[in-house]
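The values are calculated or read from the model by the stated rules, or taken from the named source; none is laboratory data. Source: prediction; values computed, not measured. All Cβ positions, even for glycine, are placed from backbone atoms using ideal geometry, and neighbour counts span all protein chains on display.
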Amino acid sequence: MLWVALELPALPLQIAERAGASADAWVISEGTAQRPTVACANEAARRAGIREGQAVAAAKALAGELKVLERDPAAEVAALERLAAWAGQFTPMVNVEAQGIVLEVESTMRLFKGHAQLTAEILKGVRELGFRATLGVAPTPLAARLMARAEARGLQVRSCLDPRDLRTRLADLPLFLFDWPAETLARLTDLGVLRVKDILELPYDGLSRRFGQSVVLSLERLLGNVADPRRPYVPPPSFRSRIELPAEAEGVEALLFPLRRLLVEFEGCARGRGAGVQQLALVLEHGRKTRTRVALEFASPERESDFILAIAREKLGRLQLAAATIALSLRAEALIPCVPRNAAWLPGAQERAIERDRLIERLAARLGRDRVFGIALANDHRPEKGWKPGSDPRRLNRGLTPRRPVWLLQRPQRLITDDGHPSMQGMLEFVAGPERIEAGWWDGEEVSRDYYVASNPLGETYWVYREHRDPAAWYLHGVFS
Amino acid sequence: MLARLPGVWRGGELEHAVHATVPTGHAALDRELPGGGWPLGTLSEVLHDGVGIGEVGFLSGALARASGDDRLVAWINAPHVPYAPALDQAGVPLDRCVVIRPQSSEEALWAAEQALKSGACGAALLWLSNVKNQYAWLRRLQMAAEAGRAMAIFFRSTADEALSTPAHLRVVVSRENGELKVRIPKRRGPPLSSFVGLHDLRGYRPLQVGAVPRILTVVH
């Protein structure tokens, strides 16, 4: 087995800065309400001299104006779980741990053309999500985690693919990387046991007596001598994620960057489940409980973030936002199985159909659904009812109908007549006709007309008619363009 | 000597096979078009005055072919909704037609650009007048048409003939004595100074003898 561990150092800070870093100094506090301490400090706060572990009161003395946010462990777990759901696209075996996740990749490595490609892909994806992560690759999950942690602390560790190399690769890692109790670590330090190689030289029975069975067990798991079973994370059936903006965003453009992060997260999550959505709900939160809902709808299941972003951009572009936006959330209730498309050498009918659907969605998103439509024949002899909006691949066998004009006026236009003869920018001359159309007596919209093709001296050709009951009145109905 | 070298183009020749083309269905017109047909993957202009001289109809053969391979024909900002029975008669597949009715010229140009570059359209037809930065926009459409290998046709007034254009093909159509006259002031190659006459009114049923409407009589 081969494991990849992702470590997200300073996770509370990362969650808060996901939609962009703020220029103001702020810290995240933890500990008791009486004496809170600094858990994480942002870049501006660190420049002011604030360090992790300081009392918040001391930190406030260092920075003029310091914003203090309380640490939210539930939000951290939620963020890691969503990261795990996103990582489901790489392997079905993803496990959530404190400060990170581990993935079992042996079974899917071939799909991603080797571990180097795979880890590069994972790191790139994590960056697109708006997170920073360090990564460790090893035959046991614990070793991978240790390596990722070591890298987070600036130590260089080479990936380990072969279990036989594991002992030597781990030898120089410091013991404080383990999740052992502080007391255990302090006593080991007193004994001069600082590195993995030091502790591996000690007899297990002695270690077990002094420090407890758990230390020995973790060493055995580290080396792969004892199984380290993990339960894969099972994501919830629906997707929801939320991102807070670093500052109030006035326009729509500023929302696109954080929205992209949410969509990348959604894409990974949907990909992991082989699913897509036809409906996505995007909510812009404006504060004071006002919000704007934007529904994104697709003809076929979609998950590609770039495409959805393009649609959302058009939708958002049409909005008049009443207030500045402070947070975005994205929700997908019904994840529908979505068959992945094969990259084809020559695009076939399926790809064409997808391209067509996507173009029409993109146009409809900006122009409105009623402004983009197909046209089809309708089975009615009345010219105005001879077509209908929509798509209908059936062809109606009409027999030999005389030629019809390319443009049909929405309402027939009464023509000026000169001594009973119709004219339209000059006297009309009849070219063909008459064609009698009598239909519609059954539904009260009866027509009984004689149609003629007529052209004027400018060479413009029209389709004109007159009614039986009023033969003096001529109407223009179509234009032969 | 020079004449025998391949790849040397002489001023009097039409350029061949630079762009893919589709036959228009009018042999006389195809002969005058570089590549022997209406060009795909480039912007072309049809200049006409008034509606109803057959400025769309003479392209129906090309549109029918451009919609092959499952590609769409987009009607953008057309003066009226294209009439389905007429397109059906002209052989343009209706289930490939999409009508786009934008509310402003910006929307129309945006829609045309999207349609062209998507690759989903075999042809996009655009009607628009009075656009700001027209040349720059047409240039964008030209590039979009290249990217999507689509036929882009811009319908404009003959009054614009003096304006320069990034389009590779410009034709002016007019009707005289029942015949559609096509002039080609711009193409890849020397401009065509004479006219091509198209008898495109075939298919009209000739006027029946005695059927010339007598005014003020009820015809039954």
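Within segment B:86-101, the set of residues being within 8 Å of chain A (Cβ to nearest Cβ), buried (at least 22 other Cβ atoms within 10 Å of the Cβ) and not in a strand (DSSP E or B) comprises B:86, B:87, B:88, B:94.
Output yes when any residue across segment A:138-160 is farther than 27 Å from residue A:8 by Cα, in the same structural domain as residue A:115 (by TED's automatic domain parsing) and either assigned to a helix (DSSP H, G or I) or of a type in the set (A, V, I, L, M) (or both), and no when none is. Write out each step before concluding.
Initial filter on segment A:138-160 (farther than 27 Å from residue A:8 by Cα): none.
Scanning segment A:138-160 turns up no residue that is farther than 27 Å from residue A:8 by Cα, in the same structural domain as residue A:115 (by TED's automatic domain parsing) and either assigned to a helix (DSSP H, G or I) or of a type in the set (A, V, I, L, M) (or both).
Identify, from the list A:474, A:442, the residue that is farther than 22 Å from residue B:81 by Cβ and crowded, with 18+ Cβ neighbours inside 10 Å.
Values: A:442 fails: crowded, with 18+ Cβ neighbours inside 10 Å.
Being farther than 22 Å from residue B:81 by Cβ and crowded, with 18+ Cβ neighbours inside 10 Å holds for just one of A:474, A:442, which is A:474.
For segment B:89-106, a tally of residues being modelled with pLDDT of 90 or more and touching a helix residue (DSSP H, G or I) at 6+ places or on another chain (Cβ under 8 Å) returns 6.
Sort out which residues of segment A:260-282 are surrounded by 17 or more Cβ atoms within 10 Å (Cβ to Cβ) and within 19 Å of residue A:244 (Cβ to Cβ), and write them in order of number. Quick ask: steps written out before the conclusion?
Applying the first criterion (surrounded by 17 or more Cβ atoms within 10 Å (Cβ to Cβ)) to segment A:260-282 yields A:260-273, A:275-277, A:280, A:282.
Across segment A:260-282, the qualifying residues are A:260, A:261, A:262, A:263, A:264, A:265, A:266, A:282.
Screening B:64, B:74 for residues that are in a helix (DSSP H, G or I) and aliphatic (A, V, I, L, M) leaves exactly one candidate, B:64.
Have a look at A:231, A:303, A:261 and point out the one that is within 25 Å of residue A:125 (Cβ to Cβ) and either modelled with pLDDT of 90 or more or among the aliphatic types (A, V, I, L, M) (or both).
Details: A:231 fails: either modelled with pLDDT of 90 or more or among the aliphatic types (A, V, I, L, M) (or both); A:303 fails: either modelled with pLDDT of 90 or more or among the aliphatic types (A, V, I, L, M) (or both).
Among A:231, A:303, A:261, only A:261 is within 25 Å of residue A:125 (Cβ to Cβ) and either modelled with pLDDT of 90 or more or among the aliphatic types (A, V, I, L, M) (or both).
Taking strands (runs of 3 or more DSSP E) as the structural unit, those lying wholly within segment A:260-346 and holding at least 1 residues that are of a type in the set (S, T, N, Q), touching a residue at least 40 places away in the same chain (Cβ under 8 Å) and farther than 19 Å from residue A:238 by Cα correspond to A:325-332.
Residues in segment B:114-136 that are over 17 Å from the mean Cα position of the chain (by Cα) and at negative phi: B:114, B:117, B:118, B:120, B:131, B:132, B:134, B:135, B:136. Within segment B:39-58, the set of residues being at the interface with chain A (Cβ under 10 Å from one of its Cβ atoms), in contact (Cβ under 8 Å) with a residue 12 or more places away in the chain and either on the phi > 0 side of the Ramachandran plot or outside any loop (DSSP other than H, G, I, E, B) (or both) comprises B:48, B:54, B:57, B:58.
Those helices (runs of 4 or more DSSP H) of segment A:35-104 in which at least 3 residues are under 28 Å from residue A:230 (Cβ atoms) and among the hydrophobic types (A, V, I, L, M, F, W, C), considering only elements entirely within it, cover A:73-87. What do you reckon, is residue A:312 under 29 Å from residue A:350 (Cβ atoms) and aliphatic (A, V, I, L, M)? Criteria met by residue A:312.
Give the number of residues within segment A:445-462 that are within 9 Å of chain B (Cβ to nearest Cβ), surrounded by 17 or more Cβ atoms within 10 Å (Cβ to Cβ) and closer than 21 Å to residue B:48 by Cβ. Break it down stepwise before answering.
First pass over segment A:445-462, keeping only residues within 9 Å of chain B (Cβ to nearest Cβ): A:450, A:452-453, A:455-456, A:458-462.
Those left that are additionally surrounded by 17 or more Cβ atoms within 10 Å (Cβ to Cβ): A:450, A:452-453, A:455-456, A:459-462.
Next cut, closer than 21 Å to residue B:48 by Cβ only: A:453, A:455-456, A:459-462.
Residues in segment A:445-462 being within 9 Å of chain B (Cβ to nearest Cβ), surrounded by 17 or more Cβ atoms within 10 Å (Cβ to Cβ) and closer than 21 Å to residue B:48 by Cβ: 7 in total.
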